[in-house]
Amino acid sequence: SSLPQADGMSEVGKGTLTTHVLNTATGLPAAGLGVRLAQLQEPGLQWMELAHRHTDADGRCQPLLAPGQAKAGTYKLHFETAEYWQGLGHTSFYPFVEVVFIITDPAQKLHVPLLISPYSYTTYRGS
């Protein structure tokens, strides 16, 4: 896609976390879908929210971790899928989707896409 790059976005940089949500029922990006990022905190294993975004028309949002913000640890992306499907007039079998993953190298760029339909979802470690 040939979207104009905002200042500072051309170098997505090290230590960023990005996502992309695609509606596989339509083959189109999932726009306006809420995404939250949390990190598992020791001790007590409490989730601490770090970011809250909504996907744009391309199914993407600003990086959830800015360069240098990532630390090694366990993270969770929470996708608010029920509201998204309700907005399209569908019910969803999954009220939300949570993807838990581990960052071992904070300098690495991580991309965690989500493919959704009302009755399935898929995620993978992208590049």
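Pairs linking a residue in the range 85-111 that is among the acidic types (Asp, Glu) to a residue that is at pLDDT 95 or above, with Cβ atoms under 6 Å and 6 or more positions apart or on different chains, are Glu98/Lys76; Glu98/His78.
The combined condition, being modelled with pLDDT under 95, of a type in the set (A, V, I, L, M, F, W, C), open to solvent by 70 Å² or more (accessible area, probe 1.4 Å) and out of contact with any Leu (no Cβ under 7 Å at 6 or more places or on another chain), is not fulfilled by Leu28. As for the range 74-92, it holds at least one residue that is open to solvent by 30 Å² or more (accessible area, probe 1.4 Å) and farther than 21 Å from Gly32 by Cα. Restricted to the range 11-70, and to residues there that are among the basic types (Lys, Arg) and in a strand (DSSP E or B), the residue that is farthest from Val112 (Cα to Cα) is Arg53. Among the residues of the range 101-120, at least one is in contact with a Ser or Thr (Cβ under 7 Å, 6 or more places away or on another chain) and open to solvent by 60 Å² or more (accessible area, probe 1.4 Å).
Taking the range 33-64 as the search range and keeping residues that are within 23 Å of Ser92 (Cα to Cα) and either touching a His at 6+ places or on another chain (Cβ under 6 Å) or among the charged types (D, E, K, R) (or both), which one is most open to solvent (accessible area, probe 1.4 Å)? Only one residue tops the list, namely Arg60. The lone criterion from (1) at pLDDT below 95; (2) out of contact with any strand residue (DSSP E or B) (no Cβ under 7 Å at 6 or more places or on another chain); (3) not polar (S, T, N, Q) left unmet by Ala70 is number (2).
The values are calculated or read from the model by the stated rules, or taken from the named source; none is laboratory data. Note that the structure is predicted; figures quoted are calculated from it, not measured. Cβ coordinates were reconstructed from backbone atoms using ideal geometry, including for glycine residues, and neighbour counts include every protein chain displayed. Protein only, heavy atoms only, side chains kept; ligands, DNA and RNA dropped before computing areas. Shrake-Rupley method; radii C 1.70, N 1.55, O 1.52, S 1.80 Å.
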